[in-house]
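Enquirer: I'd like to ask some things about the structure below.
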Amino acid sequence: MKLNSIGLDTEKTKGLANDLNQLLANFQLYYQNLRGIHWNIKGRGFFDLHVKFEELYTDANLKVDEIAERILTLGATPLHTFEDYTKAAKVPVGKNISKDEKAVQLIVDSLSELLKMERSILEAAGDANDEGTNSMMSDFITEQEKTVWMMKAWLGETV
């Protein structure tokens, strides 16, 4: 087994970097969805949702950077073109969404896809003894589970 400079198996880190690149691409789409619903939201919930969507896209932007930096730490190159992002798309694309319930449902659906990817990466990171990626995924999952719960509560649904 060949180890890289941070003590991880180079073959396993290649796989993790690929998985993280898929997550990065989908996070970029999620981020853009959040910008779109932030700009286009209408109705009586405008003031509250406009602020909430800004909070979420600011957080997503930070996570995009963290994912890209982790990919670099593992010795790979982060995806960085919209062409790459759309090829890797699993999160739904929200276009011209201005209704509150549709916007909140888009967030729930997007986070559900991201959580699936993150859980898979968490498992692979554990197998590779990659505590850095493991910790990041664990933190993301904890935050996003809470956001899903809150959005589902807003929709009047349970998780």
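The values are calculated or read from the model by the stated rules, or taken from the named source; none is laboratory data. Keep in mind that this is a model prediction, so the values were computed, not measured. Note that each Cβ is placed from the backbone with ideal geometry, even for glycine, and that neighbours are counted across all protein chains shown.
Enquirer: So which of F47, F53 ends up being out of contact with any Gly (no Cβ under 8 Å at 6 or more places or on another chain), hydrophobic (A, V, I, L, M, F, W, C), closer than 17 Å to K95 by Cα and at pLDDT 95 or above?
Expert: When all the criteria are applied, what remains is F53.
Enquirer: Among the candidates P78, P92, single out the residue that is of a type outside the set (S, T, N, Q), over 26 Å from V159 (Cα atoms), more than 11 Å from the chain's Cα centre (by Cα) and not in a helix (DSSP H, G or I).
Expert: Every option except P78 fails the conditions.
Enquirer: Do we find that S98 is surrounded by 14 or more Cβ atoms within 10 Å (Cβ to Cβ), in a helix (DSSP H, G or I) and touching a residue at least 12 places away in the same chain (Cβ under 8 Å) in this structure?
Expert: It is false that S98 is surrounded by 14 or more Cβ atoms within 10 Å (Cβ to Cβ), in a helix (DSSP H, G or I) and touching a residue at least 12 places away in the same chain (Cβ under 8 Å).
Enquirer: Moving to a separate point now. Within the group E123, E118, which residue is of a type outside the set (F, W, Y), surrounded by 14 or more Cβ atoms within 10 Å (Cβ to Cβ), at pLDDT 95 or above and part of a helix (DSSP H, G or I)?
Expert: From the options E123, E118, the qualifying one is E118.
Enquirer: Here is a follow-up. So which residues in the range 110-159 are farther than 17 Å from V91 by Cα and hydroxyl-bearing (S, T, Y)?
Expert: T133, S135, S138, T142, T158, listed by residue number.
Enquirer: Here's something else I'd like to know. Please specify each residue of the range 1-26 satisfying the condition of being without any contact (Cβ under 8 Å) to a residue 40 or more places away in the chain and in contact with a strand residue (DSSP E or B) (Cβ under 8 Å, 6 or more places away or on another chain).
Expert: Matches in the range 1-26: M1, K2, L3.
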